[in-house]
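Written out below as C-alpha cells is the structure these notes cover.
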Amino acid sequence: MVGSPGGAMNILVAGASGFVGRRLCSALDGRGDTVRAMTRHPEDYRGPGTPVGADVADEGSLGSAAQDCDVAYYLVHSLGTPNFEERDAASAVRFGTAMAESGVSRIVYLGGLGRDGDDLSAHLRSRRQVEGLLGQRGVPVTVLRAGIVIGHGGISWEITRQLVEHLPLMVVPRWVHTRTQPIALSDAVRYLVGVLDVPETAGRVFEVGGPDVLEYLDMLRRLAVIEGRPRLMFPVPMLTPSLSALWLSLVTTVDAATGRSLIDSMTNEVVVDDDTIRALVPFEPMDYDTAVLQALAERAREARP
C-alpha cells in the first residue's frame, strides 16, 4: 500500500502535537488516511486523527502504537534538554526497532539542511545521526532535510518574529550573515505528504526549501518591513554563541539551552544543493514574504477570543 497514489493508508505520526506534527496530521486526515496521533499525553490531544499514548523513551509503548500501520512519521527531538544528542540517538534506535518489528513499511523523517563536509553544529550532527539510526533495522527511511520552517509556533521563526517585534534597535551577532533557505510550513508539510505517493522516494534523502536564499539579517529586515516596524540593526563580532544564547533568552521566550543549540546551527550555511524533490513532488513553494504573511495570519487567528 505504501507509495500507492490515491490509496488510503494507516499512518503513525510521532510528535503529533508538535509544530509540524499538528499540521501534518490535519493534511493526512484531509486526504483520507487513518491517522494515529502519537503523543505522551493523549488525553490532551485535540487534533485530527486518533490519539495514541506512546513515548520514544519507552520502546514497549511504540509497538502497540504502530500496530497495523503502513507508514510512520518521526518528528521528535530533544533539543534544549541536557545530552540531547545521546537522547535523540537512543530514541531513534528504539523507534526504528519498534517500527521494524511492527511491520511498518516506511519511516519519513524531517531532518536539517547542511553540507556533510562542513563542521556541523551539534544540533545538525544529531539530525544526521538520527537519519541513519532510524533505518538501522531495515525499514526504508525517507529523509527531508529543511532549514528554517516559517510558521506560527516554530522555534526558529519565533526567534525571528520576537526579535523584530521586541527590539527597535538591535546589536546582532555575526551569524546573521549566514545564508539559509527558509521554507513555509505548509510547503514542508506538502512535501512530507507528497513523498507517500511516489514509491521511488523510499530510502532516499531529499533537500527542501523555498525559492529565496537569504542571510538571517535579510530575514529580519524583510519581516520588519512587512510588519511596518523600522529597525536599526548593527552586526558585531564580539557576541559569542554563549552570549548570543543569553541575549536571546532575555529578549525572546526561547530558553538559553535551546537558543544555544540553534545559534550553533546558525553558523552553518543551510541551503539546498540538490533539488531532485522538485521533480518528484512538483509544485511551486511560496516565497519568504508570503510565508511570513501566512505565519502572521495564523498567529492572529489563534489570538482571537
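Data for the structure
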| quantity | calculated |
| --- | --- |
| Estimated distance in nm for a label pair at A303 and D68, the labels positioned 7 Å out from Cα along Cα-to-Cβ | 4.4 |
| Extension reserve of the E200-R125 stretch, reckoned as 0.36 nm per residue once the Cα distance is removed | 24.4 nm |
| Projected label distance in nm at D118 and S105, using a 7 Å step from Cα toward the beta-carbon | 3.6 |
| Sites F283 and E86 - FRET efficiency at Förster radius 35 Å, r taken between beta-carbons, to 0.05 | 0.40 |
| Net +/- balance of residues flanking R128 in space, Cβ distance below 10 Å, scoring K and R +1, D and E -1 | +1 |
| Virtual spin-label span in nm between V271 and T253, 7 Å along Cα→Cβ | 3.3 |
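Rule-based calculations on the coordinates, nothing more; no lab input. Predicted model, so just to flag it, every value in this text is computed and none were measured. So basically every Cβ, Gly included, is an ideal-geometry build from the backbone, and we count neighbours across all protein chains shown.
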